[in-house]
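All remarks here apply to the structure that follows.
What follows draws every value from the coordinates through simple rules; no lab data is involved. Computed from a predicted model, the values in this text were never measured in an experiment. Reconstructed Cβ throughout: ideal geometry from the backbone, glycine too, with neighbour counts over all protein chains shown.
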Amino acid sequence: MVYVIGEILAIELKVAAEIMDVSPDNFRKLLQRARQDILNFMEEKCGLVNTTNPCRCSKKTKGFIKEGWVDPLNIKFTDDRLETIKDIIEVKNHELSDLENQYLDHFQGHTYLQSHSMKLVELIKNFESKGGV
């Protein structure tokens, strides 16, 4: 999940950390480990990443070729498919940013915060007027 949030969706560090309920430093470390895990897995198993490995996903590759997602002459995703993924990620990031801004506007304008702030100021003034510190 950390890899999807941080690498594929490219969600901002602070927001990603909140989603995973960890500190930004912890999220950064988790993402670093997830990237390394993916790299190690692909390096050991995938013939597309390491040519000394035999391709172990011929069934999926055939389906992707049939759908036009993978170039049969250069077993990689076609450029038009990659562009679509990039477009979706950009749109989703903007949607998440807009949602975060809406949340902040709503939260920061909430009367609960204002009333407590005002009560605190009133308590301090009252305390000072009665000869407090």
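Worth pointing out:
- Selection status of residue 77, closer than 23 Å to residue 89 by Cβ and more than 13 Å from the chain's Cα centre (by Cα): yes
- Looking only at the range 2-56, and only at residues there that are touching a residue at least 12 places away in the same chain (Cβ under 8 Å) and aromatic (Phe, Trp, Tyr), the one that is farthest from residue 89 (Cα to Cα): 27
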